[in-house]
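Chemist: Take this structure first; my questions come after.
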Amino acid sequence: MKWEDQERSDNVEDRRGQSSGGGRRIGGRGLGIGTIVIALVGGWIFGINPMTILGLLSGGVPGVEQSAPAGPAQAPPPEDKAAAFVSVVLKDTERVWGKLFQAGGSTYQKPRLVLFRGATPTACGTGDSAMGPFYCPGDAQVYIDLDFFDTLSSRLGAPGDFAQAYVIAHEVAHHVQNQMGVTGKVDAMRGRVSQAQQNALSVKVELQADCLAGVWAHHSQQGKDWLDRSDIEEGLNAASKIGDDTLQRSSQGRVTPDSFTHGSSAQRVSWFRRGLESGSVPQCNTFEAG
């Protein structure tokens with residue numbers, strides 16, 4: 001991925017030198033170390049689950065309402081290569097989604113991406129690095145502890161810079177869903193359905209985010225021609241490695257589809273590929289797909 005010397009976003013905030021502020025509470029619920037380990041190994045490692053979903057279920061996240069980031073962001077050091085990469089990818093998501101929203105007659109509101117270490121306060125509760133990257137609709141911000149990329153490569157078997165770009169694009173896609181009104185509609189349905197149905201809704205949300213990440217990659221490549229075949233394979237491999245069935249089989253030796261919250265490896269690869277090949281947002285309607 002030819003990302004060096006590309007333009008960087010100024011919407012990256014660096015909190016890595018700040019105190020986490022103490023407790024680890026999410027959506028009003030306590031989070032012990034046992035829960036963290038289960039979450040990390042058991043498949044809740046990626047995307048808005050469990051933090052945002054728990055916040056939604058406990059009433060801790062205000063639907064699709066967004067609070068603007070407070071004050072100017074403290075930018076990461078310019079010589080920090082990992083932060084520079086994140087900034088470059090975020091900038092390109094801003095470029096692509098800005099054009100797509102404009103073509104649809106609306107304005108894209110750029111999210112802020114927060115780099116943190118350990119734990120950090122959010123509008124959805126205290127975010128913990130053990131949960132992996134996540135998006136909080138309450139403050140319209142993406143949160144990433146860059147150590148996750150080491151986990152992605154060494155523990156989950158998904159190395160490569162485009163695998164990391166896919167992670168970022170997936171979280172930004174949750175912001176796109178929030179602006180499209182998907183987050184609010186799904187939130188409104190959660191209290192009226194069973195736990196299994198809530199899990200199924202979560203799968204549809206996550207697979208749509210995978211597809212939208214593919215839409216970004218499609219238009220990004222058209223605009224910059226900075227990917228090659230190996231980059232695409234890195235992204236598809238990452239989608240496969242974080243499927244619920246793969247993570248469950250690795251952690252507990254069995255697969256329980258009713259407990260899926262993100263989709264199987266095959267589903268995640270399929271929906272990411274659909275967005276990548278079509279570049280079409282309407283093709284990402286997981287809610288009407290069989």
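The values are calculated or read from the model by the stated rules, or taken from the named source; none is laboratory data. All values derive from a computational prediction rather than experimental measurement. A quick note on method: Cβ atoms are made from the backbone with ideal geometry, for glycine too, and the neighbour counts reach across all protein chains shown.
Chemist: In the range 147-186, which residues are buried (at least 21 other Cβ atoms within 10 Å of the Cβ) and among the charged types (D, E, K, R)?
Modeler: 171 - this is the single residue of the range 147-186 that is buried (at least 21 other Cβ atoms within 10 Å of the Cβ) and among the charged types (D, E, K, R).
Chemist: Next up: Mind listing whichever residues of the range 216-233 are out of contact with any Ser or Thr (no Cβ under 9 Å at 6 or more places or on another chain), crowded, with 16+ Cβ neighbours inside 10 Å and polar (S, T, N, Q)? First the steps, then the outcome.
Modeler: First pass over the range 216-233, keeping only residues out of contact with any Ser or Thr (no Cβ under 9 Å at 6 or more places or on another chain): 217, 219, 221-225, 228-233.
Next, only the ones that are crowded, with 16+ Cβ neighbours inside 10 Å stay: 217, 219, 221, 231-232.
Of everything in the range 216-233, just one residue is out of contact with any Ser or Thr (no Cβ under 9 Å at 6 or more places or on another chain), crowded, with 16+ Cβ neighbours inside 10 Å and polar (S, T, N, Q), namely 221.
Chemist: Shifting gears a bit: Would you mind finding the one in 202, 220 that is modelled with pLDDT of 95 or more and on the phi < 0 side of the Ramachandran plot?
Modeler: Sole residue among the options that is modelled with pLDDT of 95 or more and on the phi < 0 side of the Ramachandran plot: 220.
Chemist: From the residues in the range 234-279 that are among the acidic types (Asp, Glu) and at pLDDT below 95, which one is surrounded by the most Cβ atoms within 10 Å (Cβ to Cβ)?
Modeler: By that ranking, first place goes to 244.
Chemist: Which of the following residues is surrounded by fewer than 19 Cβ atoms within 10 Å (Cβ to Cβ), modelled with pLDDT under 50 and not basic (Lys, Arg): 55, 104, 47, 34?
Modeler: Sole residue among the options that is surrounded by fewer than 19 Cβ atoms within 10 Å (Cβ to Cβ), modelled with pLDDT under 50 and not basic (Lys, Arg): 34.
Chemist: Identify the residue in the range 123-146 that is under 20 Å from residue 183 (Cα atoms) and touching an Asp or Glu at 6+ places or on another chain (Cβ under 6 Å) and, among all such residues, is surrounded by the fewest Cβ atoms within 10 Å (Cβ to Cβ).
Modeler: Filtering the range 123-146 for residues that are under 20 Å from residue 183 (Cα atoms) and touching an Asp or Glu at 6+ places or on another chain (Cβ under 6 Å), the one surrounded by the fewest Cβ atoms within 10 Å (Cβ to Cβ) comes out as 123.
Chemist: Could you please give the count of residues in the range 265-290 that are of a type in the set (Asp, Glu) and either closer than 19 Å to residue 227 by Cβ or under 17 Å from the mean Cα position of the chain (by Cα) (or both)?
Modeler: Of the residues in that region, 1 qualify.
Chemist: Which one is modelled with the lowest pLDDT among residues in the range 108-134 that are within 26 Å of residue 226 (Cα to Cα) and not hydrophobic (A, V, I, L, M, F, W, C)?
Modeler: Filtering the range 108-134 for residues that are within 26 Å of residue 226 (Cα to Cα) and not hydrophobic (A, V, I, L, M, F, W, C), the one modelled with the lowest pLDDT comes out as 133.
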